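The values are calculated or read from the model by the stated rules, or taken from the named source; none is laboratory data. None of the values given here were measured: they were computed from a predicted structure. Reconstructed Cβ throughout: ideal geometry from the backbone, glycine too, with neighbour counts over all protein chains shown. Only protein heavy atoms, including side chains, enter the accessible area calculation; ligands, DNA and RNA are left aside. Shrake-Rupley method; radii C 1.70, N 1.55, O 1.52, S 1.80 Å.
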Amino acid sequence: MAEPVPAAGPGLGLGARLSFAAGHFLNDLCASLWFTYLLLYLHAVLRYPRGPAGGLLLAGQAADGLCTPLLGLQADRAAGCGPCGRRKAWHLAGTTCVLLSFPFIFNPCLGCDENTPQWAAFIYYLPFIVIFQFGWAATQISHLSLIPELATSDHEKVELTAFRYAFTVMANITVYGLAWLLLNFQVDQPDLTEHLGPQDIPTFRNLSLIVVGLGAVFSLIFHLGTKEKPYPPSLPPQLEESTSLLPKEPASPPRPLLVWKDWLREPAFYQVAMLYMSTRLIVNLSQTYIAMYLTNSLLLPKKYIATIPLVMYVSGFLSSFLMKPVNKWIGRNLTYFVGMLGILAFASWVALAKQMGAEIYGAAALLGAGSATILVTSLSMTADLIGTNTRSSAFVYGAMSFTDKMANGLAVMVIQNLHPCPTELCCHDCISFYRWVMVFVTGGIAVAAVTSLCCIMVWPIRIRYRAVCLRGLSGTGPPYGATESGEGRSRSGTVN
């Protein structure tokens, strides 16, 4: 069965690109708050033990990871709802779930006090986290799967991805800027303002409410300004008097329709998945534990949990504008490698320097620029893998996200269980523990990412179309992509 491809039209205008990028702003705001401050909020503000805190984050990542590929499959099959296309309909449903659930996560348990059992608080937060992660996954997959449908060339895909990441960085800058303002302008209990504690509960509650309000506005801009291309329905041909009864010879071989089972047989699918998972592990784990590193290893005041991540994302924002020319100049693979050099430089700096003063800003700038570069490039490689197979693009993005969510949740749980302190409050051993966590989650995973990159450089990303699908279409002739010498067949004579 041939896959109909929407005709390529003129490139997207600036307004259309900006409105598209705004569609993930709510997700980015919530993700920034989730990854950077959830463990810190549960540990230092609510005095929640390490194990249950890590369990809540793992439950959220597992729910997101399990929902993502299933949502990808369903989004590829959906027909849309009213004025919304199949992608925007799922985006609207996901946005609604996020708006209704996220404020409860950064608020104390309703009806709980100091005598409330830990398991009761865990059960209270769990449904809100699951609903939030379901909505977050639906919004992410529907938004990512719009890129191959809206873009008409590889450079436009890179540009849309760069715009999208620029809004991601703007969202993080917004969250950290608001956190800095709320933490620095507290007037109550001035003797406790240098360190986090229960007095900071209103700060995180107000921050979550502001995040939800801003994200709702940007989601509205996305739905008003982004026009999803209608997907041509598969209708039988209508015969007329002038229609020839004999089929015409096709001008070019049709492309097979790739479904989710076909992707699982493609080696390039696993190559890109490994690279994407490694990239997300570096970005998300460094974001999760940077605040712990600042407060427990470097013993810095709590205002630094806003200023240092802010420096990271300002440098990432600036580097995102270089993605398109750098990709044109040196290509995808070398661009990713340049970003990885920044990550390795940060890991080396943290490993060699036991204490940091003002130089922490330089290290944060390296980490931010490197993270932005590898994230944008890995997303572009995923779009390259999909190519014109946009019918199943949501499944591909869902599968990629599944690997990274499950790996992130398990990694956090391992780190939490390796914590050296016997109680929920940190002890002297935390000073070295979080330092080495930052070294290994950046430098150690970077080695795995570079290994995946080398595999892609040796075996470039390429889809091996199923010749059996094409035989069902044409009935004669060699498989698509095969030569008369037999390329495209295995040694046993079966189709690859």
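Would segment 121-139 turn up any residue that is open to solvent by 10 Å² or more (accessible area, probe 1.4 Å), in contact (Cβ under 8 Å) with a residue 24 or more places away in the chain and under 18 Å from HIS223 (Cα atoms)?
Yes, some residue in segment 121-139 is open to solvent by 10 Å² or more (accessible area, probe 1.4 Å), in contact (Cβ under 8 Å) with a residue 24 or more places away in the chain and under 18 Å from HIS223 (Cα atoms).
To keep it simple, each residue is scored yes or no on (1) open to solvent by less than 10 Å² (accessible area, probe 1.4 Å); (2) in contact with a Lys or Arg (Cβ under 7 Å, 6 or more places away or on another chain).
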| residue | (1), (2) |
| --- | --- |
| ASP262 | no, yes |
| MET277 | no, no |
| LEU285 | yes, no |
| THR288 | yes, no |
| ALA291 | yes, no |
| LEU300 | no, no |
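Of all residues in segment 121-157, count the ones that are under 17 Å from GLY60 (Cα atoms) and aliphatic (A, V, I, L, M). First the steps, then the outcome.
First, pick out the residues of segment 121-157 that are under 17 Å from GLY60 (Cα atoms): 121-141.
Retained after the next criterion (residues that are aliphatic (A, V, I, L, M)): 121, 123, 126, 129-131, 137-138, 141.
Count: 9.
Six or more apart or on different chains, Cβ under 9 Å: which pairs go from a residue in segment 344-358 that's within 18 Å of GLY370 (Cβ to Cβ) to one that's among the aliphatic types (A, V, I, L, M) and assigned to a loop (DSSP other than H, G, I, E, B)? Could you list them?
Pairs that qualify, where the first residue is within 18 Å of GLY370 (Cβ to Cβ) and the partner is among the aliphatic types (A, V, I, L, M) and assigned to a loop (DSSP other than H, G, I, E, B), are TRP349/MET356; VAL350/MET356; MET356/LEU298; MET356/LEU300.
Just name the residue that is farthest from the chain's Cα centre (by Cα) out of those in segment 105-123 that are among the aromatic types (Phe, Trp, Tyr) and at pLDDT 85 or above.
Once the filter is applied, the top-ranked residue is PHE122.
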